[in-house]
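Here the structure comes first, spelled out in structure tokens, and everything after it is commentary.
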Amino acid sequence: MITVSVFMNNIGQRLLAALLMLSVLPQLSLASAADATADAIALLQAARPGGVGSVENQRAAAVLVQQGEAAVLPILQGFRKASPVGENWLRNAFEQIDSDLTAAKKTIPPKVLEGFIADVSNAPAARRLAYESLRRQDPAAEARLIPGLLLDPSPEFRRDAVALLVKEAAAVEGPAAIALYRKAFSGAVHEDQVKQISEALRKAGETVDISRHFGFVSSWMIAGPFDNREEKGFAVAYAPEAEITADGPDLAREYDGMDAKKVRWQAIETGDDFGVVDIAKQIENYKGSAMYASAVWNSSAAQTLQVRLGTPNAWKLWVNGKLVFEREEYHRSSQMDQYAVPISLQAGRNIIALKICQNEQTQDWAQKYQYQLRICDTTGAGVLPVTAAAATQTSGEVK
Amino acid sequence: MSRHIFRTTAAVCGLMMMSAASSHNSILSAGDWRQFRGNAADSVAAGESLPTDLSGSTIAWKTELPGRGLSGPIIVDNRVFVSASSGYSQDRLHVLCFDGGAGNKLWEREFQASGRTWTHEKMSNATPTMAADGQRVFAFFSSNDLICLDLEGRLLWYRGLGSEYPNASNSLGMSSSPVVVGSTVVVQVESDAEAFACGVDTVSGETRWTIERPRAANWTSPTILPATDKHPALVLLQSSKGVTAVDPETGTVAWQFDKGASTIPSATVIGGAVVIPSNGLTAVRPGESGLEQLWNSGNLSPATASPVAVDGLALVLNSSGVLNAGNMENGERLWQLRLRGPFSSTPIVANGYLYAFNEAGVAFVVRPEQDKGTVISELDLGETILCSPGVANGAIYVRSDQHLIKLASPR
């Protein structure tokens, strides 16, 4: 078995040689150049956090930049398997080449870029990079390409396509406008665009389900309050926390809550467009308290999605009994999609559980006790659960 | 590859890379403004003579920026560097380089943020000001992405501190600007959920040291206590607890001031005294026998802008937009001058004058004297200005969300 360090050393040595040969032998064989490109891209794809290996990464980037236009497509393709740091190394190499070509009054062949953009299996960030390079040399590319990217895996392409449709809709009236707004709505993944489109549709008498569009979870079981005075309860695993397992809590149980209150799970629904569960209004703004919330989310398949959460309160998130993330911050604003947490869902029944903590701040702006949680894909497009029956069937099929 | 060939190759490559670096700038230029509040982080543009009669004709040029930002411009070898962020979620990070003379863009590089990018609408991901060591520039963002480029825009290293420390973020945004001391770039990343400071090797990008910091939201920036014959240069880390002086090479704590401090305006070092936004304003002097408090003044209370000093005066802008002048010897308030606030930008001092930019984009030139302050001229730039200016070669550079602007005497 080849260890990572040996692998890196071998690539590093080959890159050093490539850099030397590229500088002194402009007629280097195509095969050698391709090998050097592949080695350099492999190294940058694996760029590690912590600044480790930066000198080797600089050499690899230099190899790519020296190859110029020939390295453009491999660099863009390299995004697909690159680490986040690696993507930024590849991006910098691409931009250097693009700048060098521009300075030499040359361009990356538009057909290469357009072909790359058209292939949605390529990394969204790389396709966007290619598009922006193409648009600089061919401004007409926007009108040619963007309308076809409404449901694209890149949220930026979607946003542009939605904006074009909204502009078209604003220029017409009646059913034609509604049809265009409806089409725009289907691809919209950003709050501002969804609000703008919804407002226009509702003004025209249309019904719009924003909560469903974004995939907000609107039905919850909530138990509390538990003691969080002096913010000490965040770290305390109260009785419901011990029950946050893959099977979910026992919803029939009664607990000893804050100030000797007897606490039971209660059903809470929210009809808010943006899925806000307002504990302060719907239950009570118990100062210095913690609440537990649990929801069932039936998945059509085993899949990796995102929980996007907005809350001004401290929180913990569990999926199927596993703590996924926790954050102890109070009243530093609340926004939709404030946090994006990748989650792994199993086919069938999944338990999404939260702990939401309120502190004892007295300022007007520190009285919110709320959360909004949705399930979406990496573009931000809402994903809906399936029915319990379908989930049982799916789950059975997987087994 | 034989060992001999490998050694030769490595040597040639090393020479090539050294040559590439040295051909562009390995010597610090006297006219540089290398970080937030200048080379010494004291907002003083030493040796600079700037126009005092600001008017439309002192706008030398104005060039468009591709994104938002509160980060101030820095200047290295007459090149102006500034960061910006764009995109729906401010996740596109821009580093730009302009020619300080003509204002043309020399290059632009873009990166994808790896940490949390949401901020309060007044802030943006590009809030921290960049830093430089003369050969490299360091761009830092609210998302805690720390990016090192050479002066030609070649990436030298990339740190995604936002993904390395995923809880070290603030839902209102982070603003602390890095400082460079010797071969270490120091960043302060402090929030309610996680807080640390670290020293990063400017060449390799690897962490030299990390220390835990008080877990609380903090928007202040590190400052520098210059070396003396008694001690090496120290970096001063401020928080709600006070100020901690650390060795930039090792992170070792040299001393602490524990009487609390503001979490927005930052301390300034003036003639060896550390002027701290603490209980108003407090001046201390580190000595062999410990930290000596020189004075405290509740009448000198900086709001967002950090304190500055000129000719024996400590100057602070309070939350009402009033410029307060205190005696640097004893902290006694000497006079007040009402300007039109609010101010987010820290003023700069050059040739005995104070240059302050309010949030509405009005620049004030103030002549501070022992008994009064006088506004010499004003210029309305017509754009929101939240950044602290950069100064070099007789020019002031500021940025808005839309433009980078150079102010200089007409030729």
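Brief remarks follow.
- Matching residues in segment B:366-400 - criterion: being under 21 Å from the mean Cα position of the chain (by Cα) and farther than 18 Å from residue B:84 by Cα: B:391, B:392, B:393, B:394, B:395, B:396
- When residues of segment B:152-172 are limited to those that are in contact with a Ser or Thr (Cβ under 7 Å, 6 or more places away or on another chain) and within 7 Å of another protein chain (Cβ to nearest Cβ), the one farthest from residue B:120 (Cα to Cα): B:156
- Of all residues in segment A:118-134, none satisfies being in a helix (DSSP H, G or I), more than 14 Å from chain B (Cβ to nearest Cβ), under 21 Å from residue A:42 (Cβ atoms) and hydrophobic (A, V, I, L, M, F, W, C).
- Of all the listed residues (A:127, A:158), the sole one being under 22 Å from residue A:194 (Cα atoms) and either modelled with pLDDT under 95 or surrounded by 18 or more Cβ atoms within 10 Å (Cβ to Cβ) (or both) is A:158.
Residues checked against (1) farther than 27 Å from residue B:33 by Cα; (2) assigned to a strand (DSSP E or B):
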position: B:337; (1), (2): yes, yes
position: B:363; (1), (2): no, yes
position: B:366; (1), (2): no, yes
position: B:371; (1), (2): yes, no
position: B:374; (1), (2): no, yes
position: B:384; (1), (2): no, no
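- Residue list for segment A:75-117, filter: within 11 Å of chain B (Cβ to nearest Cβ) and part of a loop (DSSP other than H, G, I, E, B): A:82, A:83
- Annotation: of all residues in segment A:235-273 being more than 23 Å from residue A:323 (Cβ to Cβ) and of a type in the set (A, V, I, L, M, F, W, C), the one that is modelled with the highest pLDDT is A:267.
- One residue alone among B:102, B:113, B:126 is at pLDDT 95 or above and within 18 Å of the chain's Cα centre (by Cα), and that residue is B:126.
- Members of segment B:131-151 that are touching a Phe, Trp or Tyr at 6+ places or on another chain (Cβ under 6 Å), more than 21 Å from residue B:120 (Cα to Cα) and within 11 Å of another protein chain (Cβ to nearest Cβ): B:147, B:148
- Selection count where residues are outside any loop (DSSP other than H, G, I, E, B) and touching a strand residue (DSSP E or B) at 6+ places or on another chain (Cβ under 8 Å), scope segment A:302-330: 19
- Candidates B:27, B:74, B:5, B:59 - the one that is surrounded by fewer than 17 Cβ atoms within 10 Å (Cβ to Cβ) and at pLDDT 95 or above: B:59
- Pair list, Cβ < 8 Å and 6+ apart or interchain, from segment B:217-237 residues that are within 14 Å of another protein chain (Cβ to nearest Cβ) and within 20 Å of residue B:140 (Cβ to Cβ) to residues that are of a type outside the set (Ser, Thr, Tyr) and assigned to a strand (DSSP E or B): B:217/B:190; B:218/B:188; B:218/B:190; B:218/B:195; B:218/B:238
- On the stretch given as segment B:98-115, residues that are within 11 Å of chain A (Cβ to nearest Cβ) and either touching a Ser or Thr at 6+ places or on another chain (Cβ under 6 Å) or under 25 Å from residue B:134 (Cβ atoms) (or both) total 10.
- Residue A:211 being crowded, with 18+ Cβ neighbours inside 10 Å, out of contact with any helix residue (DSSP H, G or I) (no Cβ under 8 Å at 6 or more places or on another chain) and closer than 30 Å to residue A:357 by Cβ: yes
- Selection of segment A:331-345 for residues being part of a loop (DSSP other than H, G, I, E, B), more than 7 Å from every other protein chain (Cβ to nearest Cβ) and closer than 13 Å to residue A:371 by Cβ yields A:334, A:336, A:337.
- Boolean, residue A:376 is surrounded by 18 or more Cβ atoms within 10 Å (Cβ to Cβ), in contact with a strand residue (DSSP E or B) (Cβ under 7 Å, 6 or more places away or on another chain), modelled with pLDDT of 95 or more and within 30 Å of residue A:157 (Cα to Cα): yes
- Residue check for residue A:378: more than 14 Å from every other protein chain (Cβ to nearest Cβ) and of a type in the set (Val, Ile, Thr): no
- Hits in segment A:45-62 (condition: within 10 Å of chain B (Cβ to nearest Cβ) and touching a residue at least 40 places away in the same chain (Cβ under 8 Å)): A:47, A:53, A:59, A:62
- Pick from segment B:239-250, criterion in contact with a strand residue (DSSP E or B) (Cβ under 9 Å, 6 or more places away or on another chain) and part of a loop (DSSP other than H, G, I, E, B), ranking: farthest from the other protein chains (Cβ to nearest Cβ): B:247
- Segment A:161-197: number of residues that are in contact with a His (Cβ under 9 Å, 6 or more places away or on another chain) and either over 24 Å from residue B:91 (Cα atoms) or crowded, with 21+ Cβ neighbours inside 10 Å (or both): 4
- The one condition in (1) within 14 Å of another protein chain (Cβ to nearest Cβ); (2) out of contact with any strand residue (DSSP E or B) (no Cβ under 9 Å at 6 or more places or on another chain) that residue A:234 fails to fulfil: (2)
- Meets criteria (closer than 28 Å to residue A:342 by Cα, more than 14 Å from every other protein chain (Cβ to nearest Cβ) and in contact with a Phe, Trp or Tyr (Cβ under 8 Å, 6 or more places away or on another chain)) for residue B:126: yes
Table: residues versus (1) more than 18 Å from residue A:52 (Cβ to Cβ); (2) over 17 Å from the mean Cα position of the chain (by Cα); (3) touching a residue at least 12 places away in the same chain (Cβ under 8 Å).
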position	(1), (2), (3)
B:117	yes, yes, yes
B:153	yes, yes, yes
B:156	no, yes, yes
B:161	no, yes, yes
B:189	yes, no, yes
B:198	no, no, yes
B:205	no, yes, yes
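- Test: residue A:198 is touching a residue at least 40 places away in the same chain (Cβ under 8 Å) and within 28 Å of residue A:387 (Cα to Cα): yes
- Criterion: part of a strand (DSSP E or B) and surrounded by 16 or more Cβ atoms within 10 Å (Cβ to Cβ) - qualifying residue of B:254, B:283: B:283
- Of all the criteria given as (1) more than 16 Å from the chain's Cα centre (by Cα); (2) buried (at least 19 other Cβ atoms within 10 Å of the Cβ), the one not satisfied by residue B:66 is (2).
- Condition met for residue B:49 (in contact with a strand residue (DSSP E or B) (Cβ under 9 Å, 6 or more places away or on another chain), among the polar types (S, T, N, Q) and either on the phi > 0 side of the Ramachandran plot or modelled with pLDDT of 95 or more (or both)): no
The values are calculated or read from the model by the stated rules, or taken from the named source; none is laboratory data. Keep in mind the model is a prediction, meaning the values are calculated, not measured. Glycine also receives a Cβ, built like all others from the backbone with ideal geometry; neighbour counts cover every protein chain displayed.
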